[in-house]
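Since the structure comes first, as structure tokens, the remarks are kept for the end.
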Amino acid sequence: MASDGHPHDPADPCPAGRELYATAIRDGGISREVLAAAPCLIDLALLEPDHDNSEWLRPIPAQHAMAGLLQSLEQGIRERQRKAVQLAHAFSRFTDISVQSSLHSPATVLEGLGTINAALDRAVTDCAEELLTVQPEAARGARALGEALRRVRPLIDRDVSMRTLYQHVARDAPLTRAYLRFVGPQRVQVRTLEEVIERLIIIDRKVAYIPAQPDRQVALEVRHPGLVGYLAGAFDQFWQIATPIEKAAYAESSPEGVSGVQRSIARLLVEGHLDEAIARRLGISVRTCRAHTARLATLLGSTSRTQLGYLIARSGILEEP
């Protein structure tokens, strides 16, 4: 390597190096003392020690020096290639173990919407028999519904059985209604529940996707037969108690003028839930939830939340009509 006082790439000899090499050719060598001005000559193997004089360096023909360096480089390359082959062979044994382990892994973590959507696209493309989904959002955005439509179109053509569970409040979402009209009840069966579990997608009862974080930026791809079977069984149970989309979600308002949504809110209030929890469970905004709560308080003549719970319990509005 070049010294700090001679900072340049040895592959690009400096004028001093070329001049000293010319002197060495002419005089049959140069002293080690003058070599300090151009150590690159050593890096390029253009000089070698004189066996008769330790302070003297003899020049080597440039073509011979180049051939020697190239041979050394080629040997180094061959050695690295040999080590690369050995490493590939060694790691192949561990790779086999990892692949077998991943095949039996109960879940794979998918991070980021791009990764999640790509995995969903691959799995839905391979769907041959059944697609089950739970969509807890009250009003899915245009982008989410566009993604759903893009995925189900090929499945419609293949006559894949599709069932989807929404919350009751999704019935009033314009985009959701438009999406359901487009796909048609004969193609996708839809039922609704007052409350549903988190988002769930099950494909051919072989793979399931569930969120792993509240913001849904991380998901789990579940392929373990036992876990997928459990999730599919839970879906089937929810499906049995859900209300078909063509039927009314709630019973008619009670004689007191309490609507079905308000009756649900009343039930959760009596159970002690706060507005934020009630809104989340019913798929409505906190503002809407508080408006319904205020309506209940007015109907029952309540002046406090504690009194409202007591009056709801006494009123009989929670009894089945």
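The values are calculated or read from the model by the stated rules, or taken from the named source; none is laboratory data. Worth saying up front: this structure is predicted, and the values here are computed from it rather than measured. Note that we place each Cβ from the backbone using ideal geometry, even for glycine, and neighbour counts take in every protein chain shown.
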Of the residues that make up the stretch 207-217, is at least one loosely packed, with under 14 Cβ neighbours inside 10 Å and among the basic types (Lys, Arg)?
-> yes
Here the residues within the stretch 164-214 that are closer than 15 Å to Arg151 by Cβ and aromatic (Phe, Trp, Tyr) are Tyr179, Phe182, Tyr209
In the stretch 96-118, residue nearest to Gln217 (Cα to Cα) [restricted to those that are part of a helix (DSSP H, G or I), at pLDDT 85 or above and hydrophobic (A, V, I, L, M, F, W, C)] | Leu113
Flagged pairs (Cβ under 7 angstrom, 6 or more apart or on separate chains; first in the stretch 58-74, assigned to a helix (DSSP H, G or I); second at pLDDT 75 or above) are Ala62/Leu46; Ala65/Leu44; Ala65/Ala45; Ala65/Leu46; Gly68/Ala45; Leu69/Ala45
Out of all the residues in the stretch 192-206, which are surrounded by 19 or more Cβ atoms within 10 Å (Cβ to Cβ) and either modelled with pLDDT of 90 or more or assigned to a helix (DSSP H, G or I) (or both)?
-> Leu200, Ile201, Ile202, Ile203
Does the stretch 193-201 contain any residue that is of a type outside the set (A, V, I, L, M, F, W, C) and free of Cβ contacts under 8 Å to residues at least 60 places away in the same chain?
-> no
Would you check if Ala279 is without any contact (Cβ under 8 Å) to a residue 24 or more places away in the chain, hydrophobic (A, V, I, L, M, F, W, C) and exposed (fewer than 13 other Cβ atoms within 10 Å of the Cβ)?
-> no
